[in-house]
Structure formats: C-alpha cells, structure tokens
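The structure appears below as structure tokens.
The values are calculated or read from the model by the stated rules, or taken from the named source; none is laboratory data. Values in this document were obtained by computation on a predicted structure and should not be read as measured data. Quick reminder, even Gly has a Cβ in these numbers, built from the backbone with ideal geometry, and neighbours come from all protein chains shown. Note: areas computed on protein heavy atoms with side chains; ligands, DNA, RNA excluded. Shrake-Rupley method; radii C 1.70, N 1.55, O 1.52, S 1.80 Å.
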Amino acid sequence: MNHATKTQVGDIEVFVLNDGNTTFETDTFTATSTTEIKSLLDKAGQSSIKTSFNAFLIKSGDEVTLVDSGAGELFGSIAGNLNTALNDIGIAKSDITKLVATHMHPDHIGGMIDSNGNRYFDNAELVLSIKEHTFWSNSKNFINHPEQQVHALKVLNAYSDQLILCKSDADLGRGLSSIDLPGHTAGHIGVKVSSSSSQFIIAGDIVHAQHLQFINPSIGVTFDQDYDMAKKSRLKMFNMLSTEEIPFSGGHLLSPGVATISRDGSEYILNV
C-alpha cells in the first residue's frame, strides 16, 4: 500500500501520510438516523462507513513541518503507520523541525511521544492554538472523563520547552497559516499552505466520513465538543473550498487524500 501522496503547492511540497484506516459504526453519528446513513452509503455505492487517519508532511525551504502525527501506538493495528509513510518519502524523524497539532485528539497527537511519554521528534517545536492549549490544560473540563485528558497532558509535558502557542488565525511562517475552525474541539484549526499563486488547505477534522458529510454537511460526530459550532466551521470551510476551488485534504479523507469540492445546492461534491 502507498502510504504517501505528494502534491506541489508552488515551491512547497505537501505529502498526505496515511497512518491507518478503519470503519465507523452508525452510533458515531448520534444525531443522524441509521436510515439516512444507509441511504447516503447506498448513493455512494458503499456498504460501510470508511475513514482514514492522516498526517501531513510539508517541505518549505529548509523547514520540514509535520501537521498531526497519527495515532502512534494508541489504536493498535488499525493505525500507527506514520514511520512507514515517512520512510517512503525519505524523511527521518530528526529532519522534522516543526510539529503543528490541528487539535489534541489522540489520533492526531498519538505519534508525538513514545510509549514512555518521551518526545518522539527531538528537533521539533510544537505549535498549538492558544484556545486548544487552554482547554486541554484545564482539568475542570474533564471531571467526568479524566482519562480523556491523559495523553494530551503527556504530549504537552514532553514538548513543554518547545511549545509555541498561536492565535487560531495566525501566520505560522514559511507559507503556512492557521485557520480558525472551532467546534470539533475548542481550538481546532486548519492549516493553509500558500506559495506564489497556489494554495492548499489541510482542513483538520471538519469531515470524518466523506461519503456522508459532503452530501449532508449537517451530519456531525459524537467526538464534536460543540456539535452546532462544528457544523458552522464545516460549512465555512466547504464554502471556502468550493468558491475558491482550493485543493485540500483532511485528517480523515480517504486515499489518495487530495481533492477539490464543488457545490450543488445544499450538497457538496467531492472531486478526487
């Protein structure tokens, strides 16, 4: 299996790295009926709700940036292929100078530390939105589910002396900027890559199931901290991508993981 897909954005190289694949059960989409889910799957010629776990490697000049890191060892055999993908494109972990976390869910930061909680990317600083850091650092947000905070705190601790907090709409340097996409988590961001007249967007987790959520953007997931706000961010991103015809990827887009979208009334069509 090919674990990496390359796209050129002006002078910048972007690689979509596949960390793994799985299928969702219908109860992941708690506010959507199984009847509607089956109808959408039938329309797409699918029998299950497929998803991928993606990370992104960006080479801009002499800076090598990894956006998200996959699940590491947290999800067992369905994920954890980041190193294989990096090897496929000739990148060693020591080459990576910057990490950007779109948000702090385990399938996006699992690969940032090893099984002992030590920093995995020794030469990298970690960039995170201020809002995301504030949320995950506050134990009051996890009174009912303290276990959900554990891995995030381990990552923050491992990179504490190399932690860069940014605004949710910020210039990250070398042609990269953050895009404010709250809702899935408090400080969830996307990343825009710009070079010359070319653009590419890493849209984070605005979509978890492409065969459902492009046709019906109102569908969210049980992982959304704020369901309605996540929907607004999804529509904001869909409108931007379709209006400006910007190629993009996302944390859960299926292979090859690079696409554009167009609008058809209230629906959006994925063009791979």
* For residues that are open to solvent by 20 Å² or more (accessible area, probe 1.4 Å) and over 19 Å from HIS252 (Cβ atoms), tally how many sit in segment 4-18. => 5
* **Residue among ALA92, ALA79, ALA44 that is aliphatic (A, V, I, L, M), surrounded by fewer than 18 Cβ atoms within 10 Å (Cβ to Cβ) and over 16 Å from TYR120 (Cα atoms)** => ALA44
* Across segment 19-36, what is the number of residues that are surrounded by 11 or more Cβ atoms within 10 Å (Cβ to Cβ), at pLDDT 95 or above and closer than 28 Å to ILE189 by Cβ? -> 9
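What residue, among those in segment 52-72 that are in contact with a Ser or Thr (Cβ under 6 Å, 6 or more places away or on another chain) and not hydrophobic (A, V, I, L, M, F, W, C), is least open to solvent (accessible area, probe 1.4 Å)? Outline the logic, then answer.
We begin by selecting, within segment 52-72, every residue in contact with a Ser or Thr (Cβ under 6 Å, 6 or more places away or on another chain); these are 55, 58, 63-64, 68.
Now drop any that are not not hydrophobic (A, V, I, L, M, F, W, C), which leaves 63, 68.
Details: GLU63: 34, ASP68: 1 Å².
Top of the filtered list is ASP68.
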* Restricted to segment 153-172, and to residues that are open to solvent by 20 Å² or more (accessible area, probe 1.4 Å) and among the polar types (S, T, N, Q), which residue is farthest from LYS192 (Cα to Cα)? -> ASN157
* To do: Would you check which residues across segment 119-148 are under 13 Å from ALA101 (Cβ atoms) and of a type in the set (A, V, I, L, M) and list them?
  => ALA124, LEU126, VAL127, LEU128, ILE130
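I need the full set of residues from segment 149-177 which are hydroxyl-bearing (Ser, Thr, Tyr) and closer than 15 Å to THR97 by Cβ, in order please. I'd like the intermediate steps shown before the answer.
In the first step, residues of segment 149-177 are kept if they are hydroxyl-bearing (Ser, Thr, Tyr); the result is 159-160, 168, 177.
The answer is TYR159, and nothing else.
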* Asked: Under the condition of being touching a strand residue (DSSP E or B) at 6+ places or on another chain (Cβ under 6 Å) and assigned to a loop (DSSP other than H, G, I, E, B), which residue from segment 101-120 is nearest to ASN157 (Cα to Cα)?
  -> TYR120
